[in-house]
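In what follows, a structure is listed as structure tokens, so that the remarks can point back to it.
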Amino acid sequence: MLQFVFNGISAGLGVALLALGFALIYRPTGVFHIAHAAVFTTSAYAAYWALHVYPSMATAGIASIAVGCSTGLMLEWAVYRPLAVRQASPLAVLVSSFGAYFAVVHLIALVAGSEAKTLGRGLASPIRFAGTLLTPVQAGQAVVGILGMLAVFMYLRFTRTGQWTRALASNRTLLLTLGVNEPRLRALLFLLGSSLAAAAGLLTALDIGIHPQMGFGCFLMAAVAVILAGPDRFMAAGWAAVGLGVAQNLALAVLPAIWMDSIVSALLLVALLCRREALVGTLPSLGDSR
Amino acid sequence: MGSTDHEVLTIRGLSKSFGDHRLLVNVELACDKGEIKALVGPNGAGKTTLFDIVSGLTLADKGDVLLEGRTLVGLQPHEIAALGVARLFQDLRLFENLTVLENVLVALTPSEDEEPMAGLLCGARVAAHERCRRTKALDLLGHVGLLEQAHRFAGELSSGQQKLTALARTFASDSGLLLLDEPSTSLDSDMTERASALIRRAAAAGTAVILIEHDLTFVGRVTDRVALLNLGSILIQGSLTELNRGSLFLDSFLGSQITDSAPGAS
Amino acid sequence: MSMYAAHLVSMLSIYVVLAASLNLVAGYGGMLSAAHVVLFGVGAYALACLTSILGWPFLIALPISIVAAGSLAFVVGSLCVRLSGDFFLLATLSVHVLLQAVFANWIPVTGGPYGIGGIASPSAFGWSADSSLEKAFFTAAAAGGSLAILGRLLRSPFVRSLQAIRDNAVAAGAVGKDPLRFRRRSFMIAGAFAGLAGALYASNIGYIDPHAFALDEFVFLLAVVVVGGAGDARGPVVGTLVLFLMPEGLRLLPITAAAAANARQVLFGLLLVLAMRVRPQGLVGRYGFN
């Protein structure tokens with residue numbers, strides 16, 4: 001039982017990285033960055049390739065972050081920024097993001113093949129911890145996840161741009177009148193968000209392996225976490241992700257594994273229907289620009 | 001203050017705060033059948049919010065809004081519209097991907113004709129209603145001078161033409177109460193005359209009209225009744241000509257601070 | 001007419017109807033629904049179960065399949081139309097994942113990953129469309145009839161107000177339209193047409209499995225609607241023709257079938273991004289997702 005909980009915490013911390021990355025982009029800019037899942041996938045593939053070329057965790061880390069950030073920034077500059085300049089509607093951004101995700105993911109499949117690949121590290125010698133067995137990857141995932149959450153927390157609390165980020169999430173027009181350089185702040189947010197996605201991608205590559213559709217399920221979970229956390233919330237998304245990881249793994253104790261994605265989807269539906277911010281036709285608040 | 005037989009709109013003790021900011025404080029306002037009342041005041045005074053509350057887009061914190069004695073609080077916007085309240089939005093909110101004619105037709109079509117099966121099963125009857133509506137819509141567009149633009153997309157028009165489209169849409173259905181938010185902006189002098197003609201005609205037919213306006217000359221052309229809203233309260237209500245003579249009115253309108261409020265004669 | 005050409009006519013007919021139904025919700029209704037492909041699937045599986053497993057005649061199975069898809073669409077719609085854009089897409093995406101799981105795992109009914117085979121060809125009063133040519137005639141006729149009905153609907157006051165709600169829900173409310181009522185009904189009708197297309201698909205091919213209703217199909221469908229032109233009755237026809245024929249050119253290239261499949265998906269994703277960037281109303285559309 002405790003094993004499931006610890007598995008869940010480890011998995012959840014991995015998703016937390018993805019969720020925080022998504023929140024850092026979605027909450028301040030309003031862009032529903034579905035292609036975040038593609039950033040995750042490209043980073044994972046980069047890590048896999050790096051480890052095959054040179055078996056060092058450091059180079060794998062650098063490779064995944066480099067590729068992830070490049071993908072993320074490319075998406076911002078080629079897809080989102082032009083739409084923002086044109087003041088395109090969120091629906092148009094959504095369609096673009098959706099298309100971008102598929103284009104990138106299938107490009108990966110075209111180049112690297114559609115089949116799943118693993119690194120075989122999941123079977124490495126387990127560590128004993130509080131009466132449960134954890135693989136080194138799971139332990140690493142937990143550590144990186146905690147460090148990532150700490151880093152985001154400190155960024156938002158203690159840096160100037162972090163405060164702008166929080167301000168942008170709650171009141172965009174006010175921040176712009178203060179003369180903050182919005183394109184640069186957006187680029188920074190995509191950089192940070194993509195780095196977190198890259199870390200998550202690297203860890204998943206080590207843990208389970210890679211395949212072109214890997215980003216989809218993880219992203220759904222991250223999206224549930226961000227929505228459950230609510231508007232203007234960042235850290236709560238991380239905690240929600242951990243909670244979801246635990247819930248999902250506990251469910252594994254009773255349900256067959258094939259229903260995993262379905263559980264997340266069902267949770268997502270419930271979260272959406274219950275969260276006020278998701279509803280249209282609820283009385284809007286004044287000064288609502290989105 | 002009870003509502004009389006002639007009163008179409010009764011607003012009692014309406015208050016609304018947004019966080020710490022008190023937007024509306026104990027507002028009392030009424031409008032009778034066939035009366036045109038102008039709501040004036042500096043920007044940010046809460047006038048549009050008042051309209052939002054009446055048309056059901058926002059909830060007030062306290063107070064009541066009655067339409068011919070019936071409370072509107074808690075009703076959905078489309079239910080309020082169905083009771084005969086029509087609104088012109090300050091930012092127009094046109095159906096940009098529909099033609100000018102379609103914009104007006106949407107307002108003219110009752111819900112019975114908007115059943116999906118209606119066209120398929122009772123084709124002839126719906127078609128007859130449609131022809132009738134088209135005639136009415138084109139007639140109205142003629143009144144506002146938009147007949148030539150009838151088949152152009154609303155999003156492609158100039159701002160003046162868009163304003164006229166919005167006006168036509170607002171005046172299309174027979175309403176008991178009209179809420180017009182800045183009807184004269186973006187209009188040139190010819191269009192302004194058409195707009196004021198529409199307003200006077202509606203009032204003559206018994207509709208209660210409330211307008212939010214900054215252009216006092218335009219106000220003067222349609223009515224003499226004004227209410228001044230500033231700092232969240234109705235400070236003065238009365239005749240435009242009377243109030244123009246008092247400096248309290250001008251000071252408040254130009255935005256300088258008011259330390260005491262003197263409720264004038266209604 | 002060769003078998004290949006006849007088969008192409010059948011497929012084009014089916015996809016035009018499917019695209020037209022998505023056009024109703026997305027192009028005319030402004031609702032980006034990712035559940036459309038599984039509604040197509042529900043129609044297909046319903047027909048397959050009724051004719052193949054229960055042995056019911058086609059003429060009875062067809063309307064039941066349509067009603068099944070329409071009913072599910074009504075339930076999903078009732079839950080989801082109150083959600084705003086981003087969240088509506090997420091919610092319908094969850095529905096997609098859930099139904100895909102049902103298709104793939106409810107083995108007694110859907111045959112699981114192996115699907116259902118031996119589905120009877122369309123038949124009526126003793127006559128059966130067995131050859132490719134007969135199937136092409138029947139399917140094209142069925143599609144033509146469906147498009148005629150749908151076309152009439154698109155010109156009705158109901159859809160005119162639906163478009164008004166799409167363009168500005170608040171203003172539509174101010175002229176007495178209940179946005180939720182219109183959205184729910186159009187979602188249900190679109191679902192019914194998607195189910196019809198699914199039933200035609202199942203009886204045409206004779207065999208279905210969950211892969212035919214994957215998210216990749218949705219990207220194709222969305223690209224058809226967007227590129228063809230949203231909010232115009234001609235859009236789905238133009239889009240289906242263009243997007244069916246364009247990738248046929250890929251067949252001529254010396255690449256593997258798997259590579260061609262991935263390349264098609266990259267193409268569709270890129271087309272979506274490009275369309276939103278350059279010409280969101282597509283080739284003949286009225287609505288630019290604004």
Fill in the blank from the handout: When the charge dipole of chain C is computed with +1 at the Cβ of Lys and Arg and -1 at the Cβ of Asp and Glu, the Cα pointing farthest to the positive end, of C:Val9, C:Val97, C:Leu24, is that of C:Leu24
Practice task
Can you tell me the 0 to 90 degree angle between the C-alpha axis of helix A:57-75 and the longest principal axis of chain A, rounded to 10?
Solution key: 30 degrees
Handout entry: Simple spin-label estimate for B:Leu240 and C:Asp209 in nanometres, 7 Å along Cα-Cβ
Key = 7.7 nm
Practice task
Could you give the size of the charge dipole of chain A about its Cα centre, using +1 on the Cβ of each K and R and -1 on the Cβ of each D and E, expressed in debye and rounded to the nearest 20?
Solution key: 560 debye
Exercise for the section: For chain C, with a Gaussian network of springs between Cα atoms less than 10 Å apart, report the residue from C:Leu18, C:Leu54, C:Leu196 with the top mean-square fluctuation. Expected result: C:Leu54
Practice task
Could you please state, rounded to a whole Å, how far the C-alpha centre of region A:161-226 is from the C-alpha centre of region C:194-222?
Solution key: 35 Å
Handout entry: Equivalent ellipsoid semi-axes - Cα gyration tensor, chain B, angstrom
Key = 34, 21, 16
Completion exercise
Scaled by the rule-of-thumb 2.2 N^0.38 Å, the alpha carbon Rg for region B:95-174 gives a ratio of 1.12
Problem - Ranked by how many other beta carbons lie within 10 Å on average, peptides C:256-263, B:168-175 from highest - result: B:168-175, C:256-263
Problem - Gain on full stretching of the segment that runs from A:Leu174 to A:Ile146 - 0.36 nm per residue minus C-alpha separation - result: 6.8 nm
Fill in the blank from the handout: Which of C:His36, C:His96, C:His211 fluctuates most in a GNM of chain C (C-alpha springs under 10 Å)? That residue is C:His211
Practice task
Set the Förster radius R0 to 25 Å, insert the Cβ-Cβ distance between A:Gln3 and A:Thr118 as r into 1/(1 + (r/R0)^6), and round the FRET efficiency to 0.05.
Solution key: 0.70
Exercise for the section: Take the alpha-carbon centre of region A:75-96, take the same for region B:182-219, and report the distance between them in whole Å. Expected result: 39 Å
Practice task
Name the shape class, rounded, prolate or oblate, that the alpha-carbon gyration tensor gives for region C:81-176, where a ≥ b ≥ c are the square roots of its eigenvalues, rounded holds for a/c under 1.5, and otherwise prolate holds if a/b is larger than b/c and oblate otherwise.
Solution key: oblate
Exercise for the section: Find how many whole Å separate the alpha carbon centroid of region B:101-150 from the alpha carbon centroid of region C:31-46. Expected result: 34 Å
Practice task
Alpha carbons only, please: Rg and Dmax for region A:2-280, in angstrom.
Solution key: 18.2, 57
Practice task
Could you size up the charge dipole of the protein assembly as shown around its Cα centre, putting +1 on the beta carbon of Lys and Arg and -1 on that of Asp and Glu, and report it in debye to the nearest 20?
Solution key: 1040 debye
Exercise for the section: Give the angle, between 0 and 90 degrees and rounded to the nearest 10, that separates the Cα long axis of helix A:2-29 from the longest principal axis of the Cα atoms of chain A. Expected result: 30 degrees
Completion exercise
Rounded to whole Å, √(5λ) for the Cα gyration tensor eigenvalues of the protein assembly as shown, largest first, gives 51, 37, 22
Exercise for the section: May I ask for the net charge around C:Ser123, where only other residues with Cβ less than 15 Å from the Cβ of C:Ser123 are counted and Lys, Arg are +1 while Asp, Glu are -1? Expected result: -1
Completion exercise
The orientation-averaged projected area of the Cα convex hull of region C:1-155, in nm², is 10.1 nm²
Exercise for the section: Set the Förster radius R0 to 25 Å, insert the Cβ-Cβ distance between C:Leu245 and C:Ser128 as r into 1/(1 + (r/R0)^6), and round the FRET efficiency to 0.05. Expected result: 0.25
Handout entry: Inter-label distance for B:Asp174 and A:Ala253, nm, one decimal - labels placed 7 Å from Cα along Cα-to-Cβ
Key = 6.9 nm
Handout entry: Test item: B:87-96 mean partner chain Cβ contacts at 10 Å
Key = 4
Exercise for the section: Can you pull the one-decimal nm distance between simple spin-label points at B:Ala204 and A:Val270, each 7 Å off the Cα toward Cβ? Expected result: 6.4 nm
Practice task
Compute the FRET efficiency between B:His6 and B:Thr217 as 1/(1 + (r/R0)^6), taking r as their Cβ-Cβ distance and R0 = 30 Å, and round to the nearest 0.05.
Solution key: 0.60
Problem - Cβ-defined net charge surrounding B:Ile36, 13 Å radius [Lys, Arg +1; Asp, Glu -1] - result: +2
Practice task
For chain C, set up a Gaussian network in which alpha carbons nearer than 10 Å are linked by springs, and say which option among C:Asn105, C:Asn23, C:Asn204 fluctuates the most.
Solution key: C:Asn105
Practice task
Check every DSSP H run in chain C and write down those whose alpha carbon atoms cover 20 angstrom or more along the long axis and whose mean Kyte-Doolittle hydropathy is 0.0 or greater.
Solution key: C:3-22, C:58-80, C:85-105, C:132-154, C:179-205, C:257-278
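We did not get these values from a lab; they are worked out from the coordinates using the rules stated. Remember, it's a predicted structure, so these values are computed and weren't measured experimentally. Note that we place each Cβ from the backbone using ideal geometry, even for glycine, and neighbour counts take in every protein chain shown.
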